[in-house]
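Asks: So that we are looking at the same thing, I have put the structure below in structure tokens.
Every read-out reported here was derived from the displayed coordinates using simple, explicitly stated rules and does not represent laboratory data. All values reported here derive from a predicted model rather than from experimental measurement. Methodologically, a virtual Cβ is constructed for each residue, glycine included, from the backbone with ideal geometry; neighbour enumeration extends over all protein chains shown.
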Amino acid sequence: MTVEEFEADISVRGDELWVLPRGDLDIAGAPELEETLSLALASDAKEIVIDLRGLEFVDSTGLRTLVQAPQAEGGERISFVAGNDHVHGVFRIAGLLDELTFRPGT
């Protein structure tokens, strides 16, 4: 099994701010994602989209980090683009699919 190094970028698309995590989101990558999400939440973007399609793997620490952002915002302006089957399955197993807003990627 190859470990994919984690990175997180921000992209402005119109009045939306997209958070683009890539690689393996685990305990090692969570601090970088927390920092990126903090920057996104501090912005005045109308909507923040967390695009999970670049993730190869998410563990419980990564999931907690992803879920904290909508909880901090009250879920008002945060949505997700579903990732691969493994990543989406983590959200399904945790019972979060109905708790979070998922949208199609563009």
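Asks: Under a 5 Å amide H to amide H cut-off, with H placed in plane at 1.01 Å, what residues pair with Ile50 once short-range neighbours are removed?
Replies: Val19, Ser79, Phe80, Val81
Asks: Where is the GNM fluctuation largest for the chain (alpha-carbon springs, 10 angstrom cutoff): Leu66, Leu39, Leu20?
Replies: Result for the chain, Cα springs under 10 Å: Leu39 fluctuates most.
Asks: What is the sum of charges around Gly14, taking Lys and Arg as +1, Asp and Glu as -1, for the other residues whose C-beta is under 10 Å from the C-beta of Gly14? Intermediate values should be presented prior to the final figure.
Replies: Working: positive: Arg13, Lys46; negative: Asp15, Glu16, Glu47.
Once positives and negatives cancel, what remains is -1.
Asks: Using DSSP to define loop residues, name the GluC sites (Glu not before Pro) in segment 1-103 whose beta-carbon has at most 10 other beta-carbon atoms within 10 Å. Mind showing how you got there, number by number?
Replies: Values: sites: Glu4, Glu5, Glu7, Glu16, Glu32, Glu34, Glu35, Glu47, Glu56, Glu73, Glu76, Glu99; in loops: Glu4, Glu5, Glu76, Glu99.
For GluC sites (Glu not before Pro) across segment 1-103 that sit outside H, G, I, E and B with at most 10 neighbouring Cβ atoms in 10 Å, the list reads Glu5, Glu76.
Asks: Cut-off 10 angstrom, C-alpha nodes, Gaussian network model of the chain. Which of Gly62, Gly29, Gly95 fluctuates the most?
Replies: Gly95
Asks: A further question follows. Per DSSP H run of at least 4 residues, take -39500 (n - 2.57); add these up for the chain, divide by its residues and hand me the 222 nm value, nearest 500 deg cm²/dmol.
Replies: Working: 3 runs with 36 residues, N = 106.
Value at 222 nm, helices only: -10500 deg cm²/dmol.
Asks: Let me ask another. Please build a GNM for the chain, connecting alpha carbons under 10 Å apart, and tell me which residue among Ala69, Ala42, Ala82 fluctuates the most.
Replies: Ala42
Asks: Working only with C-alpha atoms, what are the Rg and Dmax values of segment 7-103, expressed in angstrom?
Replies: 12.0, 33
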